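These notes concern the structure reproduced below.
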Amino acid sequence: MRHKVSGRKFDRPTNSRMAMFKGLTTDLIRHRKVTTTLPKAKEVRGFAEKVITLAKDGSLHSRRRAYNLMLDKKLLDEVFAELGEQYKDRPGGYTRTIKLGPRKGDGAEMAILELVE
């Protein structure tokens, strides 16, 4: 029974799963939009929200914590410079998930995860 157990495992070991989440978070912030499966989009949403919330704070401690959630250090500087200022007055909800329907090959539910302007 999985009562009150949060998160999805995606049939992967923890290291592989966390690397996937960090990669998708980095791609989302780099391109402002990423197309993936719906469950992955729902899980990555939390990572992206945390990074942007930390960017709003702007302290060195926040920068180091955000670096643990992303793969590209140069992109992290951009996040703290641009996205931190862009979402300064927004209390949360920095991402939007748009459902696309099933994928042609295997029928997996697809979605677009994008940053709100």
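A few notes on this one:
- Of all residues making up segment 98-113, the number that are open to solvent by 50 Å² or more (accessible area, probe 1.4 Å) and either among the aromatic types (F, W, Y) or within 20 Å of the chain's Cα centre (by Cα) (or both): 4
- Residue within segment 76-87 that is open to solvent by 30 Å² or more (accessible area, probe 1.4 Å) and either under 23 Å from T36 (Cα atoms) or modelled with pLDDT of 95 or more (or both) present: no
- Residue list for segment 31-43, filter: touching a Leu at 6+ places or on another chain (Cβ under 6 Å) and over 10 Å from A111 (Cβ atoms): R32
Conditions (1) of a type in the set (D, E, K, R); (2) in contact with a helix residue (DSSP H, G or I) (Cβ under 9 Å, 6 or more places away or on another chain), marked per residue:
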| position | (1), (2) |
| --- | --- |
| S16 | no, no |
| T26 | no, yes |
| H31 | no, no |
| E43 | yes, yes |
| E49 | yes, no |
| K104 | yes, no |
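- Residue satisfying condition, being out of contact with any Cys (no Cβ under 6 Å at 6 or more places or on another chain), open to solvent by 40 Å² or more (accessible area, probe 1.4 Å), among the aliphatic types (A, V, I, L, M) and modelled with pLDDT of 95 or more, within set L24, L71, L60: L60
The values are calculated or read from the model by the stated rules, or taken from the named source; none is laboratory data. Just so we're clear, the structure is a prediction, and the values are computed from it rather than from any experiment. For neighbour counting, all protein chains shown are included, and Cβ atoms are generated from backbone atoms with ideal geometry for every residue, glycine included. The area values use the complete protein model at the heavy-atom level, side chains included, leaving out ligands, DNA and RNA. Shrake-Rupley method; radii C 1.70, N 1.55, O 1.52, S 1.80 Å.
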